[in-house]
Amino acid sequence: MLGETDILRLISAMRLGLFGGSFDPIHYGHLLLAQDVLENAQLDRVAFIPAAQAPLKASGAPVASADDRVAMINAAIAGRPEFSVLRDEINRGGVSYTVDTVRRLKARQPDDELFWILGGDQVAQLHEWREINELLELAGFLCLQRPDFTPIPPDNISAKSLHWISARQIDISSTEIRKRAASGSPLDFFLPPAVAQFITNNRLYRR
């Protein structure tokens with residue numbers, strides 16, 4: 001028979017999507033993707049996890065500061081309780097390895113069902129991820145399906161570990177937004193007004 005503590009833990013348990021990235025800056029492509037995954041995977045919440053430094057990105061460290069990137073995410077998701085931002089990787093500093101992040105989250109929230117969100121084009125790189133076998137045991141993988149792309153999982157990754165999710169694609173990139181901000185071009189229609197205003201007010205990405 002379940003005790004009161006056990007019942008409370010079951011009630012509070014949730015299906016949590018983990019959306020990692022530089023978010024430098026966050027834009028409508030990120031937000032629509034998060035909304036699609038929330039609905040299509042029947043998640044309770046999606047947590048944005050800005051990286052201190054992504055291990056497989058040649059560009060290395062983000063351009064905007066950690067605090068600015070977190071502030072932009074908070075501005076973008078204001079009023080949406082199903083979205084949140086976690087500073088775990090920023091607080092840890094250095095290169096951000098997904099397995100370290102998920103391991104810590106699982107220790108803090110053992111009853112939650114965790115799902116890491118990634119683009120379908122990243123599936124081919126999964127064999128390069130640190131301690132991928134442990135990671136696959138700790139969290140499910142929600143892979144974003146694209147109509148023009150048929151990914152083939154690496155030999156050491158079971159296809160059963162990957163859950164394919166349909167999500168709309170918007171051809172917007174953070175790189176393009178940074179270039180527009182640097183040249184003083186309008187940022188309307190690329191990201192939420194509050195984020196655009198934050199970039200303008202703080203003169204982010206200006207040369």
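The values are calculated or read from the model by the stated rules, or taken from the named source; none is laboratory data. Note that the structure is predicted; figures quoted are calculated from it, not measured. As a convention, Cβ positions derive from the backbone with ideal geometry for all residues, glycine included, and neighbour counts pool all protein chains shown. Ligands, DNA and RNA are stripped out before the accessible areas are found, and what is left, the full protein with its side chains, is counted by its heavy atoms. Shrake-Rupley method; radii C 1.70, N 1.55, O 1.52, S 1.80 Å.
Take the Cα radius of gyration of segment 101-145 and divide it by 2.2 N^0.38 Å, with N its residue count; two decimals is plenty.
Values: Rg = 11.0 Å, N = 45, 2.2 N^0.38 = 9.3 Å.
Here the Cα radius of gyration is 1.17 times the empirical estimate.
Nearest 500 deg cm²/dmol is fine: what mean residue ellipticity at 222 nm does the chain get from its DSSP H runs of n ≥ 4 alone, each adding -39,500 (n - 2.57), divided by its residue count?
Details: 8 runs with 76 residues, N = 207.
Value at 222 nm, helices only: -10500 deg cm²/dmol.
Count neighbours as other Cβ atoms within 10 Å of each site's Cβ, and list the chymotrypsin sites (Phe, Trp or Tyr not before Pro) in segment 167-207 that are DSSP loop with at most 10 such neighbours. Before the final figure, lay out each step's value.
Numbers: sites: 189, 190, 198, 205; in loops: 189, 190, 205.
Passing both the DSSP loop test and the Cβ count: 189.
Looking only at 181, 107, 196, which one moves most when the chain is put into a Gaussian network model with springs between Cα atoms under 10 Å?
So, out of 181, 107, 196, the one fluctuating most is 107.
Can you list residues whose amide H is under 5 Å from residue 45's amide H, if they're 5+ apart or on another chain and H is modeled 1.01 Å from N?
Under 5 Å from the amide H of residue 45: 15, 17.
What is the percent carbon and sulfur in the accessible area of the chain, measuring with a 1.4 Å probe over the protein chains and ignoring ligands? Can you show the working numbers first?
Values: 5520 of 11040 Å².
Exposed carbon and sulfur together represent 50 percent of the surface.
Calculate, in nm to one decimal, what residue 127 and residue 82 gain on full extension: separation in residues at 0.36 nm each, minus their alpha carbon distance.
13.1 nm
I want to verify a result. In a Gaussian network model of the chain, Cα cutoff 10 Å, which of these has the top mean-square fluctuation: 66, 124, 75?
Top of the fluctuation ranking is 124.
Convex hull volume of the Cα atoms in segment 62-179, per residue, in Å³?
Values: hull volume 17.3 nm³, N = 118.
Value for segment 62-179: 146 Å³ per residue.
How large are Rg and Dmax for the chain when calculated on the C-alpha trace, in angstrom?
17.7, 65
Express the relative contact order of the chain as a whole percentage, based on alpha carbon pairs under 8 Å and six or more residues apart in sequence.
About 25 percent, as a whole number.
Can you tell which of 173, 185, 84 shows the greatest fluctuation in a Gaussian network model of the chain with Cα springs below 10 Å?
The residue with the greatest mean-square fluctuation here is 185.
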